[in-house]
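Visitor: Starting off with a structure, shown below.
The values are calculated or read from the model by the stated rules, or taken from the named source; none is laboratory data. All figures in this text were calculated on a predicted structure; none of them were measured in a lab. Please note: Cβ atoms are built from the backbone with ideal geometry, for glycine as well, and neighbour counts cover all protein chains shown.
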Amino acid sequence: MPFKEVSKMSLKREFTALASQPGANMSELCRRFEVSRPTGYKWLRRFILEGESGLDERSRRPRSSPREICGGMQELILDVRNEKPSWGARKIKRHLENNGERGLPSPSTITEILRRYERLDVGGTSGKYRRFEREAPMELLQMDFKGHFQTACGRCHPLTVLDDHSRYLLELGACPDEKSGTVQARLTEMFRRYGLPHSIITDNGSPWVAPLTPDKMTKLGLWLIRLGIVLKRTGPYHPQTNGKVERLHRTLKAEVIQARQFSTFAECQSSFDSWRTEYNCIRPHEGIGMSTPSERFRISDLPFPETMPEIEYSPDDKIRKVSKSGTIGFEGKHWRVGKAFKGCPVAVREVGCGLYNVVYVRQIVLHINFRDAPLGGIHD
């Protein structure tokens, strides 16, 4: 499957949003986005002087200036609501402020304007909850497939990868299937641009988990671990653990997929690219204090290795090679690690009296407990 084609305008807007951040490494950004340094600096200079219009993006409806004190302001608010029917008052206010508007009414007044002109949806959720997020970008990524939908050329499976800290959407891919090879190709492209995360969390579905195998490890999972990425899984029947990406899916469905017909995967991907840029660089996000995700996101300092590095363990570790049957021998017993690891070196690391961890790269794949283990045979 060919890699997705990101539109030039989406590329420019994402690049300049990241390059505008304090301390941004222009050389590294240019390398990741595959543009020359003169081109990168030209984009950034035009963006700083002229804003988004300096990037020659698609035409935007001009705003009157000076505007009417009352009627003109209401028109601006209603225009944003018409373009973004799922946006509430706080998002509309912050979006207009980001575009240079001043003297805006309060969110409650904007809500009253929406209600007056019958632009306000009735309903919503109630109750308070506490948000949890990682302390830094690329510390944890949430990855999942949005429910597939029909196009004229087959079913599309949207792959989403979201940064837990910044809510930055690193990947939104129109995939023809959910196979490991398809996901690996998408992630390779993503890692080349943004670098490697510390960890990734998924649910317990395919292709993240092989449910019919004792160890549940897939080839995709083994590849991610080999890159040094720690894999995490949500608990059974606890989708709220990946709540940020689940919430993203509802917004994606409402604003891009619902009530639309796509003729080709390329058309679908083009819509995804445009929406991803808006989501990252324009849309204020309530979960991060009405900032945009691009304001909080930073690319990783860990580059994607085109050649896999050698696996290294501590001198105090006891190294074992996983057999074809997926087991290792240790202290006179056989321990099942998983057939996915066959031929791989793992480290047996003591963590307490009679307690050991079996580690592959830096992922714990098995706990050994001699205090509760059987006297002989294979221990799962």
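Visitor: Only residues that are closer than 19 Å to ILE225 by Cα and touching a Phe, Trp or Tyr at 6+ places or on another chain (Cβ under 8 Å): list them for segment 312-336, please.
Guide: Correct list: ILE319, ARG320, VAL322, GLY326, THR327, ILE328.
Visitor: Here are the criteria: (1) surrounded by 22 or more Cβ atoms within 10 Å (Cβ to Cβ); (2) touching a Lys or Arg at 6+ places or on another chain (Cβ under 9 Å). Tell me which single one LEU187 does not satisfy.
Guide: With respect to (1) surrounded by 22 or more Cβ atoms within 10 Å (Cβ to Cβ); (2) touching a Lys or Arg at 6+ places or on another chain (Cβ under 9 Å), LEU187 is out only on (2).
Visitor: I've got another one for you. Restricting attention to segment 247-284, which residues are of a type in the set (A, V, I, L, M, F, W, C) and surrounded by 19 or more Cβ atoms within 10 Å (Cβ to Cβ)? Quick ask: steps written out before the conclusion?
Guide: Pass one, segment 247-284, residues of a type in the set (A, V, I, L, M, F, W, C): 248, 252, 254, 256-257, 259, 262, 265-266, 268, 272, 275, 281-282.
Hits for segment 247-284 are LEU248, LEU252, VAL256, ILE257, PHE262, PHE265, CYS268, PHE272, TRP275, CYS281.
Visitor: Kindly indicate which of ILE225, ILE229, ILE201 is within 26 Å of SER27 (Cβ to Cβ) and at pLDDT 85 or above. Steps first, please.
Guide: Values: ILE225 fails: within 26 Å of SER27 (Cβ to Cβ); ILE201 fails: within 26 Å of SER27 (Cβ to Cβ).
Going through ILE225, ILE229, ILE201 in turn, the sole match is ILE229.
Visitor: Answer with yes or no whether GLU278 is more than 19 Å from SER294 (Cβ to Cβ) and charged (D, E, K, R). It would help to see each step written out before you state the result.
Guide: On the way: more than 19 Å from SER294 (Cβ to Cβ): no; charged (D, E, K, R): yes.
In short, no.
Visitor: If I ask for residues that are assigned to a helix (DSSP H, G or I) and out of contact with any Asp or Glu (no Cβ under 8 Å at 6 or more places or on another chain), which ones from segment 80-100 would you list?
Guide: Narrowing segment 80-100 to residues assigned to a helix (DSSP H, G or I): 80-83, 89-98.
VAL80, ARG81, ASN82, GLU83, ALA89, ILE92, LYS93, ARG94, HIS95, LEU96, GLU97, ASN98 - these are the residues of segment 80-100 that are assigned to a helix (DSSP H, G or I) and out of contact with any Asp or Glu (no Cβ under 8 Å at 6 or more places or on another chain).
Visitor: PHE304: at pLDDT 95 or above and not aliphatic (A, V, I, L, M), yes or no?
Guide: Against the criterion (at pLDDT 95 or above and not aliphatic (A, V, I, L, M)), PHE304 qualifies.
Visitor: Please go through segment 318-370 and pick out each residue that is more than 23 Å from HIS198 (Cα to Cα), in contact with a helix residue (DSSP H, G or I) (Cβ under 8 Å, 6 or more places away or on another chain) and among the β-branched types (Val, Ile, Thr).
Guide: VAL322
Visitor: Suppose we keep only residues that are at pLDDT below 90 and part of a helix (DSSP H, G or I) within segment 278-300. Which one would you say is farthest from VAL161 (Cα to Cα)?
Guide: Filtering segment 278-300 for residues that are at pLDDT below 90 and part of a helix (DSSP H, G or I), the one farthest from VAL161 (Cα to Cα) comes out as GLU286.
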